[in-house]
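As structure tokens, the structure follows; a few thoughts come after it.
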Amino acid sequence: MAGTVFFAILALCFIAAYNPVAFHANRGSPMTVKVGNQNKAHTVIYDNVKTNVGLAYNSAEGTFKCPEDGIYSFSWTSDVPKGKHFDTVFILKHKSSQHGAKITGNRASAVGFNGSVQSTKNVVVDMKKGDTALIKTIGNAANVLHGDMHSFSSFSGFKIL
Ligand SMILES: *[C@@H]1O[C@H](CO)[C@@H](O)[C@H](O)[C@H]1NC(C)=O
């Protein structure tokens, strides 16, 4: 009996300490990188927010700011029109650093292909409070990301533990 009560209290403490963090945002319009500007890395802004529990995703900047230390999972999908490409990389920025680290890439290319291509990548990272996660284009490998009401391109993430 005492043991059961003890574990029940322990479980309640754990639930009380757990703050869920989860977001999902779509790209609502195409992102076209201008010729002459394609050699640079650009942040991809997913403007159409569907879920933002914990309010860690900033849809004006396209950034997820870690609200508390933990293990996080992210996923992003790039849909590109035929003949276009949109290679991107997941960036993890520690709060003190300016540029951040490239963790993993997502290649989405419909060059030489008669139709659109959709590509998804997942990543799991150990984040500290104040760290930022975002998606950036890869220089000379990204020109057009599809975006419309059907939301084929998106960015999402959540805290695992
Ligand atoms: C590309 O796809 C369109 C629509 O499906 C088709 O009409 C056209 O013939 C295709 N072009 C080539 C070069 O295969």
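Just so you know, all these numbers are worked out from the coordinates, no wet-lab data involved. Worth saying up front: this structure is predicted, and the values here are computed from it rather than measured. For neighbour counting, all protein chains shown are included, and Cβ atoms are generated from backbone atoms with ideal geometry for every residue, glycine included.
Observations, loosely collected:
- Fewest-first ranking of LYS34, LYS159, using other Cβ atoms within 10 Å as the exposure measure: LYS34, LYS159
- Placing unit charges on the Cβ atoms of the charged side chains and taking the dipole of the range 21-159 about its Cα centre, the candidate lying farthest along the positive direction among HIS24, ASN106, PHE152 is ASN106.
- Taking the Cα centre of the range 21-159 as reference, the dipole from Cβ charges on Lys and Arg (+1) and Asp and Glu (-1) amounts to some 240 debye.
- As a rough footprinting exposure proxy, the listed residues LYS93, LYS102 were ranked by other beta carbons within 10 Å of their own, and the order from fewest upward is LYS102, LYS93.
- Cα-based equivalent ellipsoid of the range 45-104: semi-axis lengths in Å, sorted from largest, via gyration tensor: 23, 17, 11
- Relative contact order (%) - criterion: Cα under 8 Å, at least six apart; region: the chain: 35
- Cβ charges +1 (Lys, Arg) and -1 (Asp, Glu), total dipole of the range 23-85, debye: 420
- Taking a sphere under 13 Å around the Cβ of GLU61 and counting the other residues whose Cβ falls inside, with K and R at +1 and D and E at -1, yields a net charge of +2.
- The chain - Debye-derived log10 I(q)/I(0), Cα point model, q = 0.10, 0.18 Å⁻¹: -0.41, -1.05
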